Amino acid sequence: MAILYGKELSDQIREEIRQEIQHYPEPPGLAVILIGEDPASQVYVRNKKKACEEVGIASYSYSLPSDIPEDNLLSIIQHLNGNQNVHGILVQLPLPEHIRESRVIEAISWLKDVDGFHPYNVARLFSANPGLVPCTPLGVMGLLERNSIPIAGRHAVIVGSSYIVGKPLSLLLLNKGATVTVCHKYTKELAYVTREGDILISAVGKSGLITRDMVKPGAVVIDIGISFKEGKTVGDVDFDNVLDKVSYITPVPGGVGPLTVTMLLKNTLTAYKLQVSAQPSAFSQINREG
Ligand code: GUN
């Protein structure tokens, strides 16, 4: 049994990014837009900005009021699309109710879509020719591949079908030859399905969801869930009781989490290369992780 700590791999990839940026004539730029004052979102945005500074990415922050009209937000995005110092644009989710997520996502130029949520990038992933790929799924693929964990021919069971994690991850794993099952809140007999997973991934945000009896002996267990229990950050998996049954497992915190922000940095670099030098190889850079 091995615990997969994302921090070490994350540090290694960030160092690779930092060194690569040193050879660039100008820093890649990332614009981060936060709407409203949700405390969790504020923390995430602060972490992203700090990570940018550490590797030499210029970050531009926009903190907008929660009652900003949708059209004003869209015109800010249009300006950023045309700003040559900005290579990546991230609008922190969730958005206030009066703003339509799809309109915001589609307003961002696909070349600057470092979240990988734009329909063009989604379609590229669908057709096994990925462009910019969502950060958390990219982090999971990095963790599996850099630890030489085989994917082809294995049954991957994903619990959670969001477009941020579950769906894109299912396509990345499918593209690498896994047999993929995606479960969600309507799935009947969840334990019956999860027990089939050679690779079991949970991305729900419900502590204690994945118990010992739901895990196949020797499985690779990747926990992407985040929730808060008695003041602590916890995952979906009953880690202590599952530990001796698996071949690999990620802790929460300290597993996939650090890699998510690292992949945002990597996507910013990829977006930069696409825009500045129009290198045809830019996408193969991210394919190494996904
Ligand atoms: N909120 C939670 N996860 C994410 C993410 O991956 N991207 C953005 N933009 N917002 C989020």
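Observations, loosely collected:
- Per residue Cα convex hull volume in Å³ - calculated over the chain: 125
- Formal net charge of residues neighbouring Thr233 (Cβ-Cβ distance under 14 Å; K, R +1; D, E -1): 0
- For Ile210, net neighbour charge (Lys/Arg +1, Asp/Glu -1) across residues whose Cβ lies under 10 Å away: -2
- Tyr163 sits with roughly 90 Å² accessible to a 1.4 Å probe, with DNA, RNA and ligands left out of the calculation.
- Peptides 154-160, 232-238 ranked from most to least packed by the mean count of surrounding Cβ atoms within 10 Å: 154-160, 232-238.
- Span from the the stretch 112-147 Cα centroid across to the the stretch 28-49 one, whole angstrom: 21
- Other-chain or far-sequence residues with amide H under 5 Å of Val246's (modelled H): Gly218
- Of the residues Ser102, Ser63, the one with the largest accessible area comes first in the ranking Ser63, Ser102, computed with a 1.4 Å probe on protein heavy atoms.
- Protein-only accessible surface at a 1.4 angstrom probe places the residues Ile3, Ile151 in the order Ile3, Ile151, largest first.
- For Val159, the residues 5 or more places off, or on other chains, whose built amide H falls under 5 Å of its own are Cys183, Ile201, Ser202, Ala203.
- What the Cα convex hull of the stretch 19-115 gives, in volume per residue, is 88 Å³.
- Projecting the Cα positions of Ile151, Ser41, Leu64 onto the charge dipole of the chain (unit charges on Cβ atoms of Lys, Arg, Asp and Glu, taken about the Cα centre) puts Ile151 furthest along the positive direction.
- Relative contact order of the chain, taken over Cα pairs closer than 8 Å and 6 or more residues apart, is 21 percent.
- Distance cut-off 16 Å, percentage of C-alpha pairs in the stretch 68-109 lying past it: 30
- Taking the 1.4 Å solvent-accessible surface of the chain as the whole, the part contributed by carbon and sulfur is 52%.
- For the chain, the Cβ-based charge dipole about the Cα centre amounts to some 500 debye (Lys, Arg positive; Asp, Glu negative; other atoms uncharged).
- Residue-wise HN-Hα coupling along the stretch 236-243, computed from phi with Karplus coefficients 6.51, -1.76, 1.60 (Hz; x: Gly, Pro): 8, 9, 6, 3, 4, 8, 9, 2
- A 1.4 Å probe run over the protein chains yields, for the stretch 37-105, 57 Å² of accessible area per residue, whole-number rounding.
- Cross-link check: pairs Lys185/Lys266; Lys49/Lys216; Lys188/Lys266; Lys167/Lys273 evaluated at a Cα-Cα cut-off of 29 Å; pairs beyond the cut-off: Lys185/Lys266; Lys49/Lys216; Lys188/Lys266.
The values are calculated or read from the model by the stated rules, or taken from the named source; none is laboratory data. Since this is a predicted model, take the numbers as computed values, not measurements. Here the Cβ is made from the backbone with ideal geometry for all residues, glycine too, and neighbour counts use every protein chain on show. Accessible surface areas use protein heavy atoms only, side chains included; no ligands, DNA or RNA. Shrake-Rupley method; radii C 1.70, N 1.55, O 1.52, S 1.80 Å.
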